[in-house]
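Each remark here refers to the structure printed beneath this line.
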Amino acid sequence: MQVHLLAQGYEVWEIVEQGFTLIQDEQGKKYMVYDAKAKDLIISGLIESVYLKVLSCKTAKEVWGKLENIYAGTVLLGSRSERGERERKWEGERHFQKLLVWE
């Protein structure tokens, strides 16, 4: 998603990452457009259950932060399960090597 947002222009990603302060001038209007574009791109890729969780967010930065919180555990669980699988394989190999020594 970050790459997709960057492809829309660095300013769009910068708004997601840093947010912005609403100012009533030309620059403020540009920031609002960048924010709306970023929020639209992010939300358009969500499944309904996740969309409902971020619906109340007012800015792209808020949406991004909420998604980071929602999906933070997913990455960790994947990493833990991969580690667990490797550890099981290592235990199996060690057990096999012990059997070879006993012969």
Evaluation of Lys89 against (1) closer than 26 Å to Leu6 by Cα; (2) surrounded by 10 or more Cβ atoms within 10 Å (Cβ to Cβ); (3) modelled with pLDDT under 90 (one fails), failing number:
(1)
Every residue in the stretch 1-24 that is farther than 15 Å from Glu62 by Cα and either of a type in the set (Gly, Ala, Ser) or in contact (Cβ under 8 Å) with a residue 60 or more places away in the chain (or both), please.
Ala7, Gly9
Total residues in the stretch 11-35, condition in a helix (DSSP H, G or I), more than 20 Å from Glu68 (Cβ to Cβ) and not charged (D, E, K, R):
5
Kindly establish whether Val33 is at pLDDT 90 or above and not charged (D, E, K, R).
yes
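The values are calculated or read from the model by the stated rules, or taken from the named source; none is laboratory data. Note that the structure is a prediction, hence the values are computed from the model and not measured. Neighbour counts are summed over all protein chains in view; Cβ atoms, including those assigned to glycine, are modelled from backbone coordinates with ideal geometry.
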